[in-house]
Each structure stands twice: as C-alpha cells, then as structure tokens.
1. Rounded, prolate or oblate: which one fits chain B, using the alpha carbon gyration tensor with axes a ≥ b ≥ c (rounded when a/c is under 1.5, else prolate when a/b beats b/c, else oblate)?
2. Starting from the Cα of A:LYS55, draw a straight line to each of the lysines and keep only those under 19 Å, dropping any in the same chain fewer than 8 residues away.
3. What's the exposure ranking of B:ILE65, A:ILE194, going from fewest to most Cβ atoms within 10 Å?
4. For A:PHE4, A:PHE190, which order do you get if you count the other beta carbons within 10 Å of each Cβ and list the fewest first?
5. Please arrange A:ARG92, A:ARG193 by how many other C-beta atoms lie within 10 Å of their C-beta, fewest to most.
6. What residues qualify as long-range amide H neighbours of A:GLU164, i.e. H under 5 Å apart, gap of 5 or more or another chain, H built at 1.01 Å from N?
Amino acid sequence: MAEFETVHPLGDLDQLLADHAHHGEGAPGVQLSIRTQAACVQLFSRKGRHEDVAKALKLNASPGVASASKSHTALPLSPGQWMVTSNQSADRLAAKLQAKIKDMGYVSQQGDARVCFRIAGPSARDLMARGCRLDLDESRVGTGFCAQTNMAQVGVLLHQISDEPAYDLYVYAGFARSFFHWLSHTAAQFGYRIDKL
Amino acid sequence: MHQIDCPWCGTRDEAEFQYQGDATVQRPKPDADEETFFRYVYARENPKGWHVEWWHHVAGCRQWIKVVRNTLTHEIDSTGGPQSKLTKPDEKGGTKS
C-alpha cells in the first residue's frame, strides 16, 4: 500500500517566516504570531446533556464569553459545543475532557485542522477592523470575548485574549495560507513583525 | 445589507448567513401522491410582503434559524429557533403591511 506523506498548508512555515518576517521601519504596529503548539479539541455534548457537560467541566454555556482555567480555555461555538484550546498535549487534553464528561458527550482533536494566528501590538484593533464585521471596540467587548465569524471570506473563531488588545484567530487549516496572505498584506500598512509561538 | 438577530449569537451581518427558503413548507405524508411530492420539492410561492424563511448561520453557530422578513422592504420583524412559531405581522392584526 502506498505511503502518503501528510502535507500541512503551512508546512513550509519556516520559509514563509523567512520571506515575511517583518515589514516597515521602526516599532511595528502589529505583532503577528503563529501558534504552532496550540492544542485544539472540539467538545460536543449529546442531545439534552448540554448543561450537564458545562457543569462537569465548569464551562460557560452562554455565547460570546470564553471560560478559562489553569490548563485550558473553552470557547463556546454553539449550544452544546465548545472549542477547547491549551498549550498542553492534545492527547492529554482530549483524554482528560473525555474522562470528565463520560458518556455525556464526546471530543474530537482539531489540532491539524486549525491554524491559530495571534494578533497583538498597538494597531491590532485597527487591523481587525479591516476584516472583521463585529464591533470590537473596547466599550463593547473585552478580554474573554469570543465569536465565530468571517474575515476575508474565511471562517474564523475569534478570541480576545487581553485588553491590550490581542486576539487569537483560529482558521481552518485549508484556508490558512490564503488567510495569511490577507493578514500580511493588511498588516503591512501598520508595519509588522511575525514569529512562531 | 440585512442585519439578522441570531437567537444564539446576537445581531450579525447577512454575509454570515445563507438563505435556505420557505420555512412554512411541510413534508407530505409518505403515502401522498406524486403531484403532492412534486409540489413539496419544487413549487414555492413568491410572495410580495411578509415571508417566514429559513436562514443558516453558516459562519457563526451553524444553526438554522427562522426569520420573518418582508420581501418588499427587507424589514425583519422577528427571528427564532427552528421550534419557534413565528407569525407574520399582517396575521397578528397589527398595522404593518
């Protein structure tokens, strides 16, 4: 049987970063990072067990607000569904979640299916305003805000991680290269630096 | 551009949604005749005025929602989940037409 090599859309990340490591003179307006180590596990509750799962894991079940613990952050996607992210191993995270929710739901690892871009720096909110239809003004939303929406025609799971502000954007891996091009082109007007986390 | 009030996500731009047709169509019983099934699958009204429709929040929570929209003015009267019994304003006896 033929062996197939797995090709990740950002598999040539090191070369991409070498080509796009920075743009503009002086202090950058935007600091872009690609979180290569972020574990993503999608959590689904079985029908009617939505509140039981939220209670078992102490998750916020209402939309728009992430729930953070020491080990992971859960972003509500829709009723009974969360994306749980962590810097620990995805295997360990998935096993831990499944053990806690028992038969009330199930988990699915999404680490290879998503790419996480982190946007920080003084012009981060201005950059977001170029592509995001949601009102991200500090008077409306703050740390912990999360939502699914579209940016540059690409589906994005958005999470505001600080009031600085800084944002994590989870993008489907198949669209990550296209999204990266939009991001780097749009960030060029502010000046940017880019690295791996 | 419409702004649609998703029951879960809140008010979002139309660009996040896909229109999915008339929400009042009921599937006929399995023993219904061919003409009834033909009309169920293909035949739709094209009303001028209030219309109860399905919209899929494809870029948000991925849920299907019901929207009462005026096809003439694009005004949206109400939205709700799939189980909601939404009524057109002209059937409530209100002043909207």
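1. Oblate.
2. Once the sequence-local lysines are set aside, what remains near A:LYS55 is A:LYS47, A:LYS70, A:LYS96, A:LYS100, A:LYS102.
3. Going from sparsest to densest Cβ surroundings: A:ILE194, B:ILE65.
4. Fewest to most other Cβ atoms nearby, the residues stand as A:PHE4, A:PHE190.
5. Ascending Cβ contact count within 10 Å gives the list A:ARG92, A:ARG193.
6. Here nothing satisfies the definition.
Only the coordinates and a few stated rules stand behind these numbers; no lab work does. Nothing here was measured: the structure is a model prediction, and the numbers come from that model. Backbone-built Cβ (ideal geometry, glycine too); neighbour counts: all protein chains shown.
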